[in-house]
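For reference, the structure discussed in these notes is given below.
The values are calculated or read from the model by the stated rules, or taken from the named source; none is laboratory data. Values in this document were obtained by computation on a predicted structure and should not be read as measured data. The area values use the complete protein model at the heavy-atom level, side chains included, leaving out ligands, DNA and RNA. Shrake-Rupley method; radii C 1.70, N 1.55, O 1.52, S 1.80 Å.
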Amino acid sequence: MCSRCGKAAEGIPPTWICSVENHTRHYFCEGCARANLRAIESRLDSAWW
Ligand SMILES: [Zn+2]
């Protein structure tokens, strides 16, 4: 499920992005990944979202 919007998915679609923060995997759906690509790439903590 998407860590940001809570969108559920069966398995993890290849278009989703996996971000590892504090040794925990977070998955983001296509829309959220695109909207937060800059933040993900700079490895910002997602807690502020
Ligand atoms: Zn999402």
>> Just to check I understand the Karplus step: with θ = phi - 60° and J = 6.51 cos²θ - 1.76 cosθ + 1.60, what whole-Hz values come out for region 14-30, glycine and proline as x?
In response: x, 7, 7, 10, 9, 10, 9, 10, 6, 6, 10, 7, 10, 10, 10, 5, 4
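Give me the number: length gained by fully extending I12 to R38, i.e. 0.36 nm times residue separation minus the C-alpha to C-alpha distance, one decimal in nm. The partial results should precede the final answer.
Working: separation 26, 0.36 × 26 = 9.36 nm, distance 2.10 nm.
Full extension from I12 to R38 adds 7.3 nm.
Please list S42, S19 in order of solvent-accessible area, largest first, computed with a 1.4 Å probe with all protein chains present. Don't skip to the answer; put the middle values down first.
Working: S42 65, S19 10 Å².
The most accessible residue leads, giving S42, S19.
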